[in-house]
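Trainee: Structure in structure tokens, see below.
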Amino acid sequence: MSNPALHPCVFLVGLHGCGKTTVGMELNHSHGWAHLSLGDLGRMARMRKPHPYLSLRLMASLAGQIPGERLRPQVIDALLNQVQVLRERAPVIVDGFPSEPYHVTKLPSGAKLVCLEVPENVRLERLEFRTQTSARRWNPDMGPGLRDHQLPFLLQEHASRVVKVSAAGHIEDIARDVLSIAFR
């Protein structure tokens, strides 16, 4: 049973380029949700940039995490601890975790697990656009990373827990769909 004193919590999964961070940012900006993007936070931590409201423990553990490799237990523990702290103040949306099937068993009580799905051609267009407009590089020959490779196994093993949402529409509509799942 979930703790009624805690705000809702949603964990977004999906292939790179499906819109996880974009949805998280939309819920943050338009609805006041705390947004934790594991990828963005990892990049900040490795550049030694402080975060205004996240724990030093989380940022230090992320600084030592090698991108694309299996998440270290210290990162998982620090992330989930931070989620619980934030849930006392506001709803929380996390993208980039869980990345492996066993991570789902570690999610906090009452947390929702949402998989964003988008047609492959749209996803590839988004990745190409991101490559052109940011320092993050991608090309089709790179192949799937560990998280993308593990996604089908995660979805299969936890099919009853995952709610799938189309991420091909307008961001406001996608965010509204995620909000409706969060408050079920």
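Since every read-out is calculated from the coordinates, none of them should be taken as a lab result. Every value quoted in this text rests on a predicted model; they were computed, and no experiment measured them. Cβ atoms come from the backbone with ideal geometry, glycine included; neighbour counts cover every protein chain shown.
Trainee: Spelling out what I want: for every residue of segment 51-61, take phi, set θ = phi - 60°, compute 6.51 cos²θ - 1.76 cosθ + 1.60 (Karplus), and round to whole Hz; glycine and proline get x.
Mentor: 10, x, 9, 9, 5, 4, 4, 5, 5, 5, 5
Trainee: What does the charge add up to near LEU113, with Lys and Arg as +1, Asp and Glu as -1, over the other residues with Cβ less than 15 Å from its Cβ?
Mentor: +2
Trainee: Quick one: which residues, 5+ away or cross-chain, put their amide H under 5 Å from the amide H of SER55? H built at 1.01 Å from N.
Mentor: none
Trainee: Quick one: what are the phi-derived ³J(HN,Hα) couplings along segment 107-116, Karplus 6.51/-1.76/1.60 with θ = phi - 60°, whole Hz, x for glycine and proline?
Mentor: 5, x, 4, x, 5, 9, 10, 10, 9, 8
Trainee: Further question: Between THR133 and SER30, how high is the FRET efficiency from 1/(1 + (r/R0)^6) when r is the Cβ-Cβ distance and R₀ = 22 Å? Nearest 0.05.
Mentor: On the way: r = 22 Å, r/R0 = 0.99.
FRET efficiency, THR133 to SER30: 0.50.
Trainee: Applying 1/(1 + (r/R0)^6) with R0 = 30 Å to the Cβ-Cβ distance of ASP173 and GLU88, what FRET efficiency is obtained, to the nearest 0.05?
Mentor: 0.50
Trainee: Work out which GluC sites (Glu not before Pro) in the chain are exposed loop sites (DSSP not H, G, I, E or B, at most 16 other Cβ within 10 Å) and give the longest gap free of them. Walk me through the numbers before you get to the answer.
Mentor: Working: sites that count: GLU69, GLU88.
The longest uninterrupted stretch comes out as 89-184.
Trainee: Another question, then. I need the shape label for the chain. Rule: rounded when a/c is under 1.5, else prolate if a/b > b/c, else oblate, with a, b, c from the alpha carbon gyration tensor. Walk me through the numbers before you get to the answer.
Mentor: Working: a/c = 1.35, a/b = 1.11, b/c = 1.21.
Rounded shape, in that the Cα axes give a/c under 1.5.
Trainee: I would also like to ask the following. Which cross-chain or sequence-distant (5 or more) residues have an amide H under 5 Å from the amide H of ASP95, H modelled 1.01 Å from N in plane?
Mentor: The answer is LEU12, LEU36, SER37, LEU38.
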